[in-house]
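Please find one structure pasted underneath; my questions will follow.
The values are calculated or read from the model by the stated rules, or taken from the named source; none is laboratory data. Source: prediction; values computed, not measured. In this analysis, Cβ positions are derived from the backbone assuming ideal geometry, glycine residues included, and neighbour counts consider all displayed protein chains.
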Amino acid sequence: MSNLRLTMAGVNYDRFAALWDGRVNVEGIDLNFLPIPVEEVFYRQTKYHEFDVSEMSLSTYVLTLNDEKPPFAAIPAFPSRYFRHQSMFVHRRLGITEPSQLRGKRIGIPEYQITAGVWQRGILADEYGIALGDIEYVAGGVDAPGRHEKLQYELPANVRLSQIGPEETLSELLSSGSIDGIFSAHEPACFGSDPNVVRLFPEYKSVEKDYFKRTGIFPIMHLMVVRAEILEAHPWVARSLMKAFEQARVLAVNDLAYRSSLKVMLPWLADHFEETLEAMGHDFWPYGIDGNRHVLEAFLRYSHEQGLAHRRWAPEDIFAPSTLSSFVI
């Protein structure tokens, strides 16, 4: 009996490497892995449902659950996680030295619904008391003009959001002082080239370590999804993929711990790895619900509070049922 052939799209992360180099096989599946930049994966999968399996923004996936018949089912494998204090930028002219000074400011965002933004607004609310309506948001491309929301939704009445001009970029607007800051998933082009553009949290590493120590949250950015019609026809696919993703993740961690030579081109990789273990523990990048319940609950609360999710989902509600537990011998 031949295996099921599926195409998967995602970034060529170390945690996927064992899937495409053959060290990990997916039971019953011949997986055709397409290494594609994440923005392209999201656009093509969200708009056209091109791939059988793909990486997807956590926020975008939760938004698809608003549909009467959601097009995807998720697997609790999380290929992208990122602390988000480090990607909040402000203009030096404002003299902002603490988040409380953001009230009344105009902040640029790529899209209201992106996962990074949901986390950033949630963190500002929980940690610093910045309410959703305290900031005026302007949306558009960070470094290239013409970006718009991937999905349509209605915003709460207390959200102030407008779109920048079709030829404008957030980076240029921040550099000129036309807006007061940018909250994004990456560094804007003006950061590093314009000395007036600085991080809201200059010592972000210590801030993020403290945040993790207090909350236990290492923010989840992306999860894995399967097109719903594939799981309807082949329910076993979700469990097979979950097992393979977990095996590949373990091998990636083992590669980071390898000491006979450097598997990653960082001369002090060992020191960085040991620092991470000291700050976050040995299971610092867990898959599954058990080790991520508090992280998922925080995000799902933020999504609902910010007017994106129509209901307050529980972690068990958003994943393929067969991936929620495993058998015990």
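Condition first: closer than 23 Å to His186 by Cα and either among the basic types (Lys, Arg) or part of a helix (DSSP H, G or I) (or both). Now tell me which residues in segment 22-51 satisfy that.
Val38, Glu39, Glu40, Val41, Phe42, Tyr43, Arg44, Gln45, Thr46, Lys47
Yes or no: Glu316 farther than 20 Å from Pro70 by Cα and assigned to a helix (DSSP H, G or I)?
When the stated conditions are applied, Glu316 does not pass them.
Of these, Ser54, Ser59, which one is assigned by TED's automatic domain parsing to the domain that holds Pro235 and part of a strand (DSSP E or B)?
Result: Ser54 is the single residue among Ser54, Ser59 that is assigned by TED's automatic domain parsing to the domain that holds Pro235 and part of a strand (DSSP E or B).
Find the residue count for segment 1-24, including only residues that are surrounded by fewer than 16 Cβ atoms within 10 Å (Cβ to Cβ) and without any contact (Cβ under 8 Å) to a residue 60 or more places away in the chain.
8
With respect to the numbered conditions (1) in the same structural domain as Leu300 (by TED's automatic domain parsing); (2) in a loop (DSSP other than H, G, I, E, B), which one is the sole condition not fulfilled by Glu111?
All conditions are met except number (1).
I've got another one for you. Hand me the list of strands (runs of 3 or more DSSP E) wholly inside segment 121-207 holding 2 or more residues that are exposed (fewer than 14 other Cβ atoms within 10 Å of the Cβ) and either in the same structural domain as Pro110 (by TED's automatic domain parsing) or touching a helix residue (DSSP H, G or I) at 6+ places or on another chain (Cβ under 6 Å) (or both).
Numbers: elements: 136-139, 160-163, 181-183, 197-199.
Once the strands (runs of 3 or more DSSP E) in segment 121-207 are filtered for at least 2 residues that are exposed (fewer than 14 other Cβ atoms within 10 Å of the Cβ) and either in the same structural domain as Pro110 (by TED's automatic domain parsing) or touching a helix residue (DSSP H, G or I) at 6+ places or on another chain (Cβ under 6 Å) (or both), what remains is 160-163.
Ok, one more. So if I check each of Ala248, Ala238, Ala228, which one is under 24 Å from Tyr43 (Cα atoms) and in contact with a helix residue (DSSP H, G or I) (Cβ under 9 Å, 6 or more places away or on another chain)?
Numbers: Ala248 fails: under 24 Å from Tyr43 (Cα atoms); Ala228 fails: in contact with a helix residue (DSSP H, G or I) (Cβ under 9 Å, 6 or more places away or on another chain).
From the options Ala248, Ala238, Ala228, the qualifying one is Ala238.
Same structure again: Against the condition hydroxyl-bearing (Ser, Thr, Tyr) and within 22 Å of the chain's Cα centre (by Cα), how does Ser176 come out, does it pass?
Taking the combined requirement at face value, the residue does not satisfy it.
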